[in-house]
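Enquirer: Here it is, the structure in full.
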Amino acid sequence: MAEKLHFFKLSGSGNDFVIVDNFKLKLPFDFYKGIVTKLCNRNNGIGADGLIVLNQGEGVDFRWDFFNSDGSVAEMCGNGSRCAARLFANLYGKRKISFQTLAGVIYAEVNENLVKVKLSDSSNIVDNMEIYMDGEMVVGSFVNTGVPHFVIIVDNVNDVDVRGLGRNIRFHERFEPAGTNVNFVQKLNSSMIKVRTYERGVEDETLACGTGASASAIICGYKNLTTSPVKVITSGGEELFIYFTINNSKATELFLEGNVKLICEGDVFLSEL
């Protein structure tokens, strides 16, 4: 019989993840890094935007390893953190949870399928940043909400070539060497925005991005376009709620809230990937 790996699949507002409980398995980091792209492949694998591994941690409920679908490691993922928290709550019966990421300790509260996480304070906002591509100027704002985000305010997000323009900005020399995620934001009213995101590591538009929704809400708040809390309509049509306080050029007391779906659990035959 082929070697099997038990997994869960969860979706946070359209952002989907394969999650493995590694508490008892204790398989090494390199094992998971070696199978990420195969597990996340939507044709020959399970299919997901990323892989999350729950490990035992010190002083926290768990420590995670987070991998994008291309195999790269990310410091943080907002919707991934909500999915990880809900699964941990389901498995271990705890509703207030802390866990270690490369971006610091994240705190979560789980109320059935509604999960709210407290993100790290954002880095300094850089407003009205100008970048040039093929002789044309693009103006946006930059902020780090655990991972880097470039935010562009537009009249209508449906008119934007998210994949084409997003990819060009993501790899622009201004953001080397790590690159950036790119968000296109449309203000709907003083408390609601619509966001489309090109995600670094997935290298495509995703149905939702938690840190991107947070970055977009922060920039709109900084520009006095909206006030907290901000409802974010994602590409997939679901809603996220962002709470924050603008403190000079930073955002503090930053919370991300939304629904999480437990899609399935099962075993994957590793030799068949």
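The values are calculated or read from the model by the stated rules, or taken from the named source; none is laboratory data. Being a predicted model, the structure only gives us computed values, none of them experimental. Reconstructed Cβ throughout: ideal geometry from the backbone, glycine too, with neighbour counts over all protein chains shown. When the accessible area is computed, the model is the full protein with side chains, heavy atoms only, and any ligands, DNA or RNA have been set aside. Shrake-Rupley method; radii C 1.70, N 1.55, O 1.52, S 1.80 Å.
Enquirer: What's the angle, to the nearest 10 degrees (0 to 90), between helix 210-222's Cα axis and the longest principal axis of the chain?
Expert: The helix 210-222 is inclined about 20 degrees to the chain.
Enquirer: How large, in percent, is the carbon and sulfur part of the accessible surface of the stretch 119-221 at a probe radius of 1.4 Å?
Expert: Carbon-and-sulfur percentage of accessible area, whole number: 43.
Enquirer: Another question about this same structure. Measure out, as a whole number of angstrom, how far apart the alpha-carbon centroids of the stretch 209-234 and the stretch 77-146 sit.
Expert: 12
Enquirer: So, one more: Straight-line reach from Lys231: which lysines fall under 22 Å, measuring Cα to Cα and dropping same-chain residues less than 8 apart?
Expert: Within reach: Lys116, Lys118, Lys187, Lys194, Lys223, Lys250, Lys261.
Enquirer: Once the dipole of the chain is set up with Lys and Arg at +1 and Asp and Glu at -1 on Cβ about the Cα centre, which of Val139, Ala48, Phe62 lies farthest towards its positive end?
Expert: Toward the positive end, the furthest listed residue is Phe62.
Enquirer: Out of these labelled values of P(r) over Cα pairs in 10 Å bins from 0, in percent, (i) 7, 29, 39, 22, 4, 0; (ii) 7, 29, 35, 21, 8, 0; (iii) 7, 32, 36, 19, 6, 1, 0, which was calculated from the coordinates shown here?
Expert: (iii)
Enquirer: Kindly report the accessible area of the stretch 110-166 per residue (heavy atoms of protein chains, probe 1.4 Å, no ligands, DNA or RNA), in Å².
Expert: 50
Enquirer: Next up: When the helices in the chain are scored as -39500 (n - 2.57) per DSSP H run of 4 or longer and the sum is shared across all residues, what 222 nm value do you end up with, to the nearest 500 deg cm²/dmol?
Expert: Counting only the DSSP helices, I get -5500 deg cm²/dmol.
Enquirer: Moving to a separate point now. For the stretch 195-273, how big is Rg over Rh, using alpha carbon atoms and the Kirkwood form of Rh?
Expert: With Rg and the Kirkwood Rh in hand, the quotient comes to 1.12.
Enquirer: Here is a further query. Write down the accessible area per residue of the stretch 170-273 in Å², having rolled a 1.4 Å probe over the full set of protein chains.
Expert: Spelled out: the 1.4 Å probe surface of the stretch 170-273, per residue, equals 43 Å².
Enquirer: Restricting the count to DSSP beta bridges whose residues both fall in the stretch 140-273, what percent are antiparallel, rounded to a multiple of 5?
Expert: Just about 75 percent of them are antiparallel.
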